[in-house]
Amino acid sequence: MPLSLRLKASRSCLGFTLAEVATVMVIVALVLGGIMMSLPTQIENARMSEARSLSDNVRSALLGYAIQNQFLPCPDITGNGLEGRAPAGNCTSNEGWLPFATLGLSRTDPWGNRVRYRVDPAYADNAAPITLATPAAALDVCTTATCTAVLADNVPAVWVMHGDNGLRARGSAFNLHSAMEPIGADEAANADGRNALDTITNPCAPATPAPCRFVMHDPQEAAAVGGEFDDVVNWLPPGILLNRLIEAGTLP
């Protein structure tokens, strides 16, 4: 065999050249880097999808409860998952946490926290079951804490998942997260103006001049107007509630 052919054959037996190996390593590093960078985003997207599914389940459970009882459930204020209803039939508090055990739902949201829940007393006190003459609720959902735009008004019930930052949320064991951390105006509206220890009060009970306002918009960083925001807020429209009660024969 000529010398040139023998040299070519020996080089081919050596496998990849250093340049080829380096190229492959660069490609592998880029691929792995892309996977690692997108993993947190993928996890958060999955949680948001779970949150939307849970929110749909909450709405269905509230409607089912209302059809059976002709009023909405009261909030849980002790952490046992049961609605807090006084012997007289009224809610112990207009706001607290979703009574997951009463409704047959999961204890926590996708971030491992309890779901905040507020109900208008006109729709929850069983001393006055829901009728077509029930007064308009005093809960609104806006795009900002100053309510520059209204997404929904006069809704009977609102529920809030406090997202990944968990500000003012309570965990699975009903422990308060991030009690003393600063909170932006928009997320503070969803914590309902309570103090840092989340004392159960009714600071925005239906009264003039303004109804109780919650905030919902796309996630944003702390430097944005209104501060950091990653809450997930949803509500029960009065039209859907009344229509379901009529369809079920609960209302004429």
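The values are calculated or read from the model by the stated rules, or taken from the named source; none is laboratory data. Remember, predicted model here, so these are calculated numbers, not experimental data. Quick reminder, even Gly has a Cβ in these numbers, built from the backbone with ideal geometry, and neighbours come from all protein chains shown.
Taking region 221-236 as the range and being crowded, with 17+ Cβ neighbours inside 10 Å and in a loop (DSSP other than H, G, I, E, B) as the test, the residues that pass are G226, G227, E228, D230, D231. When R194, R168 are checked against the criterion of being modelled with pLDDT under 65, charged (D, E, K, R), closer than 16 Å to I77 by Cα and part of a loop (DSSP other than H, G, I, E, B), R194 stands alone in meeting it. Restricting attention to region 67-95, the residues that are of a type outside the set (A, V, I, L, M, F, W, C), in contact (Cβ under 8 Å) with a residue 40 or more places away in the chain and not in a loop (DSSP other than H, G, I, E, B) total 4.
Look at M48 and say whether it is over 26 Å from the mean Cα position of the chain (by Cα), at pLDDT 75 or above and assigned to a helix (DSSP H, G or I).
Numbers: over 26 Å from the mean Cα position of the chain (by Cα): no; at pLDDT 75 or above: yes; assigned to a helix (DSSP H, G or I): yes.
Judged against the criteria, M48 is not a match.
Taking region 89-131, which residues are basic (K, R) and within 13 Å of R170 (Cβ to Cβ)? Show your work before the answer.
Keep residues of region 89-131 that are basic (K, R), which gives 107, 114, 116, 118.
Within region 89-131, R107, R114, R116 qualify.
Within the set S178, S93, the sole residue that is of a type outside the set (A, V, I, L, M), surrounded by fewer than 21 Cβ atoms within 10 Å (Cβ to Cβ), over 27 Å from A222 (Cα atoms) and at pLDDT below 90 turns out to be S93.
Scan region 125-165 for residues that are hydrophobic (A, V, I, L, M, F, W, C) and assigned to a strand (DSSP E or B) and jot them down. Show your work before the answer.
As a first pass, look at region 125-165 and keep what is hydrophobic (A, V, I, L, M, F, W, C): 127-128, 130, 132-133, 136-139, 141-142, 145, 147, 149-152, 155, 157-161.
Selection gives L139, V141, C142, V150, L151, A152, A157, V158, W159, V160, M161.
Going by the structure shown, is T108 surrounded by fewer than 23 Cβ atoms within 10 Å (Cβ to Cβ), in contact with a helix residue (DSSP H, G or I) (Cβ under 9 Å, 6 or more places away or on another chain), in contact (Cβ under 8 Å) with a residue 12 or more places away in the chain and under 30 Å from G226 (Cα atoms)? It is true that T108 is surrounded by fewer than 23 Cβ atoms within 10 Å (Cβ to Cβ), in contact with a helix residue (DSSP H, G or I) (Cβ under 9 Å, 6 or more places away or on another chain), in contact (Cβ under 8 Å) with a residue 12 or more places away in the chain and under 30 Å from G226 (Cα atoms).
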